[in-house]
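Undergrad: The structure that follows is given in the form of structure tokens.
Only the coordinates and a few stated rules stand behind these numbers; no lab work does. Owing to the predicted nature of the structure, the values given are computational and were not obtained by experimental measurement. Heads up, the Cβs are rebuilt from the backbone with ideal geometry, glycines too, and the neighbour counts pull from every protein chain shown.
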Amino acid sequence: MVATIVTRHLPILFVLPVLLILIATGGLVAATVYWSASETDIASLNRETRLVRRLLDERIARITRDQLTSTTWNEALKRLSVPVDADWLDDNLGVWMHDYFGIDRVFILDGADRSLYAMIDGRRRTPDAYFSHASLMEPIVTEMREFMTSPAAASSGSIFFRRYILLENRPAVVSVAPILPESADEGSLTGSAPVHIAIKFLDLAFLAELGEDLMILKPRFSWTGTLGRHEASFPLSSARGDLGHLVWTVQQPGTDIVSQLAPTLMIAGGTILLLAGLLLLHLYRTTLRLLRSQAHIAHMAHHDPLTDLANRFSFEAGLEERAREFERTGRSFAVLYLDLDRFKAVNDTLGHQAGDELIRQVADRLQTTVQQTDLVARLGGDEFAVLRDFVPERSDVERLAKTILEAIGHPFVLMQRPVAIGISIGAAIAAKGAANQTDLVRRADVALYRVKNSGRSGFLLFEERMTRESDEIGPAIA
């Protein structure tokens, strides 16, 4: 029974835990790879954000450095004197800066902040073109002039003010620097020096240049900072608040490596699962064969190989257990010994194969006459026994014996021939003083002996008066 249950539940007891372990291991490996890739991507994001911010700051600072190469110049001060030499300014402080440094707009103011020169998108414009920009430029210019009159200006080195602004709804950086003489003794920092204003827009061409020169992927400007997949950003801030966000696509080394290795990992994982599955299948089949073999051995140890009925060992074990129960509860039971009549003649006439077939058919018929709780056993040869589980009264055993006699009395078909045999039955009911295994077997044996001596094919229930006779003649069946 235990082996049958184990065999039935073997996939759950053996295969399922191993599969769960494999799945858990695979999940753990996948989670570890995913975590490692995510951590690598996060580290790359942080590193790239710092790098892009630093590179952008350097690129913005270069605008001022380019500007300062021409704003500390005696010749520039001379050319700004009345009348202003606009052509010279084009070649040195205006159009030239657009063509050489990529400055989008240049304005030059005198000490009273009057516009002397204007360059927009590589072309000279009339000085009054500045006035559409004045509201954004004046605070920066004023801040710089105030700084020039402070004590800190003398030791500050190069003087300039640089701010992010929003000009014509476009982000831009403005760098404001005074136009000073080459030597400190040729002028002083009075705050009334001419001013050079350089403006660089930070969209379109600037972003394309930034992406190409610094290898930043897909840079763009966003007003809201809304990010797409694998994007990062940081804000461009001014005195009036954030102007927007510089957004770019971040490199994903962890994700890229996993994507490249994914086919290989999937093939390797599939191969491992396949090999594990084949191993499990082999182990499962081997274990199943072993369990079935053990179950078969256990079954054969308790059953008759010809009829598959309980054998003598199993019958005696059941009888012993039932006798102990009787001693505890007083619940009565009975033992019936059965012996076939004329079996030897059939065996000698038709052969051993026919005899074996007759035994099998007798076993089948006996099985149909008993209750589910009863035990039918073949003791050997043509001897059988029935352990009646519960006997409320004597008539119950008598009815059972009658049923058996009728069932065996019908002809059997052997080798396409009808064969008639009989059966002799001796029975004993458990009673006080005679409930142990030895007593019941002896009493049933005595009753069977009396049936055999009185003409066979009959039934007899043991009675106490047969005791002395049984002591004299001994058992009928060895």
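Undergrad: Add +1 for every Lys or Arg and -1 for every Asp or Glu among the other residues with Cβ under 9 Å from the Cβ of G380, and state the total.
TA: Details: positive: R312, R378; negative: D304, D382, E383.
So the surrounding residues net to -1.
Undergrad: Moving on. Before rounding to the nearest 500, sum -39500 (n - 2.57) across all DSSP H runs of length at least 4 in the chain and divide by the residue total; then give [θ] at 222 nm in deg cm²/dmol. Don't skip to the answer; put the middle values down first.
TA: On the way: 14 runs with 242 residues, N = 478.
The helix contribution divided over the chain gives -17000 deg cm²/dmol.
Undergrad: Sticking with this one: Along the Cα→Cβ direction, 7 angstrom out, place labels at A43 and Q437. What is the inter-label distance in nm?
TA: It is 7.6 nm.
Undergrad: Could you give the Stokes-Einstein D for the stretch 37-251 in µm² per second, using the C-alpha Kirkwood radius, 25 °C, 0.890 mPa s?
TA: Answer from the Stokes-Einstein relation: 133 µm²/s.
Undergrad: Let me ask something else about it. Between helix 352-369 and the chain, what is the angle of the helix's C-alpha long axis to the longest principal axis, kept within 0 to 90° and rounded to the nearest 10?
TA: Around 80 degrees separate the two axes.
Undergrad: Residues in the stretch 261-299, backbone N under 19 Å from the label point at Y34 (7 Å along the Cα-to-beta-carbon vector): list them, ranges by number please.
TA: Label zone hits: 261-270.
Undergrad: Relative to the longest principal axis of the chain, what angle (0 to 90°, nearest 10) does the C-alpha long axis of helix 394-409 take?
TA: Orientation of helix 394-409: about 90 degrees from the principal axis.
Undergrad: Still on this structure, I have one more. Excluding residues on the same chain fewer than 8 positions from K344, give the aspartates and glutamates whose Cα lies under 17 Å from its Cα.
TA: Output for K344: D356, E357, D382, E383.
Undergrad: When we measure straight from the Cα of K218, which aspartates and glutamates land under 20 angstrom away, once same-chain ones fewer than 8 places off are left out?
TA: D41, E48, D57, E58, D203, E209, E231, D256
Undergrad: Write down, largest first, the equivalent ellipsoid semi-axes of the stretch 337-377 in whole Å, where each equals the square root of 5 times an eigenvalue of the alpha-carbon gyration tensor. Present the calculation step by step, with values, prior to reporting the outcome.
TA: Numbers: eigenvalues 114, 21, 8 Å².
They are 24, 10, 6 Å, listed largest first.
Undergrad: So, one more: Pairing the Cα long axis of helix 437-453 with the longest principal axis of the chain, what angle in degrees results, from 0 to 90 and rounded to the nearest 10?
TA: Around 50 degrees separate the two axes.
Undergrad: What does the charge add up to near D113, with Lys and Arg as +1, Asp and Glu as -1, over the other residues with Cβ less than 15 Å from its Cβ? Don't jump to the answer; show the numbers that get you there.
TA: Working: positive: R114, R145; negative: D110, D128, E138, E143, E146.
Around D113, the surrounding residues sum to -3.
Undergrad: Which residues make up the longest stretch of the chain clear of GluC sites (Glu not before Pro) that lie in a DSSP loop with no more than 15 other Cβ atoms within 10 Å, not counting the sites?
TA: For GluC sites (Glu not before Pro) (loop position, at most 15 other Cβ atoms within 10 Å), the longest site-free span of the chain is 183-392.
Undergrad: Thinking of the stretch 214-365 as a set of Cα atoms, what percent of all their pairs are more than 29 Å apart? Can you show the working numbers first?
TA: On the way: 7548 of 11476 pairs.
When all Cα pairs of the stretch 214-365 are counted, 66 percent exceed 29 Å.
Undergrad: Suppose every K and R has +1 on its Cβ and every D and E has -1 on its Cβ; what is the size of the dipole of the stretch 37-251 about the Cα centre, in Debye to the nearest 20?
TA: 540 debye
Undergrad: Determine, for S175, S332, S36, the number of other Cβ atoms within 10 Å of each Cβ, and report the residues in order from fewest to most.
TA: Sorted ascending by nearby Cβ count, the order is S36, S332, S175.
Undergrad: Something else now. How far is it, in nm, from the label point at Q416 to the one at R292 when both lie 7 Å from their Cα along the line to the Cβ?
TA: Taking the two extended label points, one gets 3.5 nm.
Undergrad: Here's a follow-up. Ratio to report: Rg/Rh of the stretch 312-473, with Cα atoms as the point set and Rh obtained by the Kirkwood method; give two decimals.
TA: In the stretch 312-473, Rg relative to Rh is 0.98.
Undergrad: Identify which of the listed values of P(r) over Cα pairs in 10 Å bins from 0, in percent was calculated from the structure shown: (1) 4, 18, 24, 20, 14, 10, 6, 2, 0, 0; (2) 3, 17, 27, 26, 17, 7, 2, 1, 0; (3) 3, 14, 14, 9, 6, 5, 5, 5, 5, 5, 6, 7, 8, 6, 3, 0, 0.
TA: The value computed from this structure is option (3).
Undergrad: Let me ask something else. What distance in nm separates the simple spin-label points at A205 and S259, each placed 7 Å from Cα in the Cβ direction?
TA: If labels sit at A205 and S259, their model points lie 3.3 nm apart.
Undergrad: Here's something else I'd like to know. Of L281, Q252, G330, which is farthest on the positive side of the dipole of the stretch 243-345, counting Cα position, with +1 on Lys and Arg Cβ, -1 on Asp and Glu Cβ, and the Cα centre as origin?
TA: L281
Undergrad: Which far-off residues, 5 or more places away or on another chain, put their amide H under 5 Å from the one on W73, with H placed in the peptide plane?
TA: L180, E182
Undergrad: What is the dipole size for the stretch 325-478, taken about its Cα centre, with +1 at each Lys and Arg Cβ and -1 at each Asp and Glu Cβ, in debye to the nearest 20? The partial results should precede the final answer.
TA: Values: 20 positive and 23 negative charges, 40 e Å.
Rounded to the nearest 20 debye, it is 200 debye.
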